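Asks: Please read through the structure below; I'll follow up with questions.
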Amino acid sequence: MSVAERLRARTPVRRWVGVGVATAMWFALYQVNLPVWDWVVYTVMGLDAASQLGSGVHFFFYDSIKIILLLVSIIFAVTVLRSFMSVERTRALLGGKREGIGNVMAAGLGVITPFCSCSAVPAFIGFVAAGVPLGVTMSFLIASPLVNEVAIALLFGMFGIGPTALYVGAGLVIAIVAGFTMGRLKLEHWVEPFVFETRLGGQVIDSTIGLARV
């Protein structure tokens with residue numbers, strides 16, 4: 001076995017070891033965050049915990065580090081998920097799905113798929129041309145930029161699980177209901193014909209694929 005082959009064989013092991021070490025360090029930092037700032041603010045700086053100044057300084061430093069740690073963990077987790085869930089793979093999963101379950105799947109996949117409002121037009125054309133129903137496509141396009149992992153981390157760090165769950169749930173419900181409603185309104189005739197005639201992989205996609213209703 002050559003040196004290059006040995007290095008390639010060891011790379012996955014080293015990568016997982018690195019992930020494990022980083023995860024352990026993250027948990028350690030998260031656990032010591034509160035006692036460290038308790039000691040710094042109330043012991044070293046000598047501020048009173050009952051005073052507005054003391055509680056304000058403690059809140060600023062403690063919550064800033066807490067939010068940074070949450071952002072790092074959530075962005076890392078979402079990035080790993082996105083490495084397995086590209087827009088192309090999502091489009092393939094949603095192609096031919098019926099409305100209802102398709103809207104739920106699209107909204108859920110939209111949260112973890114790399115997509116922003118800037119790419120709405122090409123994403124819309126690609127999904128519809130691939131046979132994804134219009135309503136399902138809209139559920140994906142609404143949920144993807146609406147439910148943001150950075151906002152999730154900030155809300156969780158500042159307000160806790162309740163408001164965060166409300167934000168995520170509301171975003172998913174809006175995406176599902178809006179997409180389902182658009183699908184039931186049968187707005188396909190408002191879409192420019194060239195969208196359905198777009199060539200994917202050298203073939204013209206039939207515009208009737210995936211437009212079945214439950």
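Asks: Find how much the distance from residue 64 to residue 190 grows on full extension, using 0.36 nm per residue of separation minus their present alpha carbon separation; answer in nm with one decimal. Intermediate results must be reported in sequence, preceding the final value.
Replies: Details: separation 126, 0.36 × 126 = 45.36 nm, distance 4.78 nm.
Length gained between residue 64 and residue 190: 40.6 nm.
Asks: Order by neighbour count: 177, 44, fewest other Cβ atoms within 10 Å first, most last.
Replies: Values: 177 14, 44 8.
The most exposed by this proxy come first: 44, 177.
Asks: Below 14 angstrom from the Cβ of residue 57, what's the summed charge of the other residues (Lys, Arg +1; Asp, Glu -1)? Could you put the intermediate results ahead of the total?
Replies: On the way: positive: none; negative: 38, 48, 63.
Cβ neighbours under 14 Å give a net charge of -3.
Asks: If each residue's Cβ is checked for other Cβ atoms within 10 Å, how do 51, 139 rank with the fewest at the top?
Replies: The fewest-first ordering by Cβ neighbours comes to 51, 139.
Asks: With 10 angstrom as the radius, rank 149, 99, 192 by how many other C-beta atoms surround their C-beta, starting from the fewest.
Replies: 192, 149, 99
All of the numbers you see were taken from the coordinates with simple rules; none came from a lab. This structure is a prediction, so every number in the text was calculated from the model and none was measured. Glycine also receives a Cβ, built like all others from the backbone with ideal geometry; neighbour counts cover every protein chain displayed.
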